[in-house]
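Working notes, structure below.
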Amino acid sequence: MTPEEIHRFALRLMHDVWEPFDSSRLDDFYHRDVVGHHRRQVIHFQDIENRLAWDRKNRKSQNYEIKELIAEQDRFSIRFVFTTLELQTMENSEIEVIYFYHLREGKISEFWLLASVEFDYLEAS
């Protein structure tokens, strides 16, 4: 895939899967043997399905504000601010997230995730 095609792929991933928390489209974007990395966690296809199901149940009014999207041949990175209403607490939360994706045959084969949560006590300083 060209960088332009990968850029469009990344935007479709966000709009078709993550914004609506829609796991029905995962096969269009992820290999079944995908491996993700987040700190000590290793993430597999089923984990992504489970995460989307958890999000559908526990979050509402989600928004992904893409700050940066860099696409190269067979890889891309995306940085965004994710805001949502947490249904258990009825509070809004904001998380800055960076993903690094590797593609194989037009689908995600491996990724790395960095996420940070804004802490209220930092704003009080």
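Surface analysis of the chain yields an accessible area of 63 Å² per residue, using protein heavy atoms and a 1.4 Å probe. Between 0 and 90 degrees, the angle of helix 45-58 with respect to the longest Cα principal axis of the chain falls at about 30 degrees. Along the stretch 100-112 the Karplus relation, 6.51 cos²θ - 1.76 cosθ + 1.60 evaluated at θ = phi - 60°, assigns HN-Hα couplings of 10, 10, 10, 10, 9, 6, x, 9, 6, 10, 7, 8, 10 Hz to successive residues, with x for each Gly and Pro. Of the solvent-accessible surface of the stretch 14-125, computed with a 1.4 Å probe over protein heavy atoms with every protein chain present, carbon and sulfur atoms account for 47 percent. Taken one residue at a time, the phi angles of the stretch 79-87 give Karplus couplings (6.51, -1.76, 1.60, θ = phi - 60°) of 10, 8, 10, 9, 10, 7, 9, 7, 5 Hz. Gly and Pro are set to x.
Convex hull volume of the Cα atoms of the chain, normalised per residue: 112 Å³. The H on the amide N of E94, modeled in the peptide plane, is under 5 Å from the matching H of E118, each at least 5 residues off or on a different chain.
The values are calculated or read from the model by the stated rules, or taken from the named source; none is laboratory data. What you see is a predicted model, and the numbers here were worked out from it, not measured in a lab. These accessible areas exclude ligands, DNA and RNA; they are computed on the full protein's heavy atoms, side chains included. Shrake-Rupley method; radii C 1.70, N 1.55, O 1.52, S 1.80 Å.
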